[in-house]
Amino acid sequence: MAHPLKGALQLMTPTPPNTVEAAKAACILPAFSFDLTLDLELSAEEAQSLAQPFAEPACLSMTRTPAKCLRRRLAATACGMGIRLSGLATCFVAPAAEAVGKAIQAPGFADVAAVLLAPNVQGCAADEEHVASCKARGTAAFGRGQYRQAALLFSQALQYCDETSGGAGGAQLAARLYCNRALCLSKEGPPRLEAALHDSSCAIACDRAFAKGWYRRACTARALGRGASPGTLHDARRALQLLQEQQADAGEAAALVAELEAEQGAAADGGGAGSSAAAGAEGALANGGAANGHASPSEIEEAAAAGGAAGGGAPNAAEVQRLVAAAGPALVVQQTEDAGRGLSAAEELPAGRDVLAEQPFAFALTKLGRRSVCSTCLAPLADAPAPYYCRRCPMPAYCTPACRAADPFHQPGGPECGRPWTVLLPAEAVAALRLARRLRFGGAGSPAARHVASLGTHFAELDPTEVVQLAALAAVTHATWRQAVAEARGGGAPAEAGPGSPAAVEGQAADEEARGGVTAEGVLEALCRLQINGLAVVPPQRRGSDDRLALALYPVGSLMNHSCLPNVSTRFEGGKLVVRTVEAVPAGEPLLHCYGPQAGEMTAAQRGLLLLQQYHFACRCSACAGAAAGQLADVAPAGLRCPAVPASRCEGAVLPTRTVPAGVLHRYQLPAGSGACCACGARLGIERWQEQLQPELQSAAEAHAAAAAVLEQQERQQQGTAPAGGAAAVQQAVRALRQCLRQRQQHLHPHNLLLGATHDALAHAWHIAGNDEAAAQHLRHSLAVLEHSYPPGSTAAAFQRRQLAQALRLAAAAAAAAGGSGGAAAAEALLAEARQAEEAADAVLALHFNGAV
Ligand SMILES: C[S@@+](CC[C@H](N)C(=O)[O-])C[C@H]1O[C@@H](n2cnc3c(N)ncnc32)[C@H](O)[C@@H]1O
């Protein structure tokens, strides 16, 4: 079960190297900033044999050097082909896929394939030992009356149990685990009876001869007030009958039957099941309909298909309009001069109105998402009473059995099941593969699918290096998928009838393959399409650049064009995208959403570069247009003080000249610029930069990093995961940060966002040191910096206000505890300020998120 990953395969998403990258990662797809390295030593013969399909000089010259990694080989191959096939960049991918396909068969590369496709990697496959241990601990916790803890342990056991394998260690064991968990759920305070009913239905589905499953369901239905239902009596009678057949103690079941018969006026005769809540729950398990009250991802497609014409090619305007109307009745599509198609208001829209709601067409969860949300509806698993897992492997988690049955991508025994490839390949790659499959097989020809297939890729404008990287990723993903399909088809999954069963999945995969399967070009195109049109699904209150839960493509949402000063906000309810106006939008005006950093977060030049690199357009919104770019409001949030200060009182800002290497500036979170003050034109000489600014900014950066490390250690210590550092260490961190603040204040423009971040760090340090009044003071300064940079009513300032309010409340509590009339008055003033900050924050957040945060 060891994970032979290290040294064989590295899939790295490097830490974003600068603020542009950080914001990219935070706000939208991270431009596929992965580095994919198959790190293998090849003999000259192996290298030569792999290069055979490509008799290009560039390729051959590469293979003559000691070829150590496939990425280099693919890059060389693609470049070689690219020179010959200039303009036909898609041709890269077929040879690349062929190379990877061969590579996967070749000695040496087989190890890599084995890692991606291994059926027994810890955490990806069923594990009987783990199941037995969790079950035993769950039973012990139940015995101690710790029902919540016991339910969690039975959940863990279920995660690693293979329900699809017959016999005592598979389906029968799962039935007992579900039944145990049902009992725990019904004993929790408050009882989770609906979830217990689901669990008892799952127990019955796993083992219909398991009397306790029927008994538990009858008890649970009765506790839910459904004792009069014929289905409840049917379940109780079935339990009794099974116990009698098995010559087991049937006393409790007999008593339950008698009580239910009495409740039903002894009218029911034996055997009539009738309709019941319990039978309904069982039915819901089997039919796999819309899960958890959320529309399935295909609903948008079906809704749009009603009334849409079939056939290939891009949908016509009327069809696209119907798609839009299904997701946003108050919206229309309009052709724009600069930005292609875009969504506009069909009528006057007030501020604070949800105008579009849509499920994704295709998506894949990130690592964080796999841990925290349902794999089908993306609802937080923490909100579900008990999680459900794939019936065969521990990888996908679901909030209900209905969501489990409705997973459009992962099926028990299918190519995604029980193998680590979907976890090891970047989420972008998995999302692209799913998108390519869905476009080719899932409702292909529907208006939604044809519309998605017509969304832009900007493929011709991609940088050649990027094309090569994407081609390599598409090729590896495609080859892995094909291999997984082949193995799933021949993998000896137990033959089991019914939708989603291994047999059905095998049939589906075989059918896709018989129809030609997805192509590597299809995956590459999907990668590019996602890069331009995909959205990062994030939790309501985002935490930072690594909080993406999934990457998803929304057919209508992807028609929204960009502005750095957007008039809509987006939020996600589970996987559903909701778009909301944040200002009134007159009829006919476009709905504009911000693809990356908004005005204030970066300079116009930085934003422009980012949008150009990822989305291939030059932004001409009012914040980026000539007059605004380079002005104080644009430069100050990232800039230095005017070089003429202190001799002059100029309040302008300057960006260092481009002669300072970008790598150096990146260390101090500075972008390059003209080197001249935006107000008075005074120049920042390179000598002054080198002799004064750089050393002091470097010392400030080092102090900040050292203090952050101390504070992190202190937090770990407070959580009991690190040895004690002590109050002296925190005080030292405070001193270091104050010194850092002084140095930065001397050189950075007072509105520079880095000053705000330094105040935030000091607030954090003071909070850990137990001085929340000092923390609040720094948060006030940080808020002031944000308010200078961001447009009025920004969510960034609102979140900062909430944080300030929290610190003020803690400071008020400390002041009140200090006692005396002075303390009481101070506490009252702090509380009044906290309430004011909260009210202001809530007003903005309600406008943007409708109370979702
Ligand atoms: C998500 S799509 C938006 C829909 C797209 N306009 C269409 O016709 O399908 C993103 C692409 O739209 C174009 N776009 C979006 N906002 C733009 C803007 N402000 N200026 C110019 N082009 C823009 C760019 O080509 C960008 O890559």
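Values in this text are rule-based calculations from the coordinates and carry no lab data. Please read all numbers here as calculations on a predicted model, not as lab measurements. Positions of Cβ are backbone-derived with ideal geometry, glycine not excepted, and every protein chain shown enters the neighbour counts.
Below is a table of values for the structure above.
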| read-out | value |
| --- | --- |
| Electrostatic dipole magnitude of the stretch 692-849 [Cβ: Lys, Arg +1; Asp, Glu -1; Cα centre; debye, to 20] | 220 |
| Proxy reagent accessibility, fewest Cβ within 10 Å first, across Trp481, Trp689 | Trp689, Trp481 |
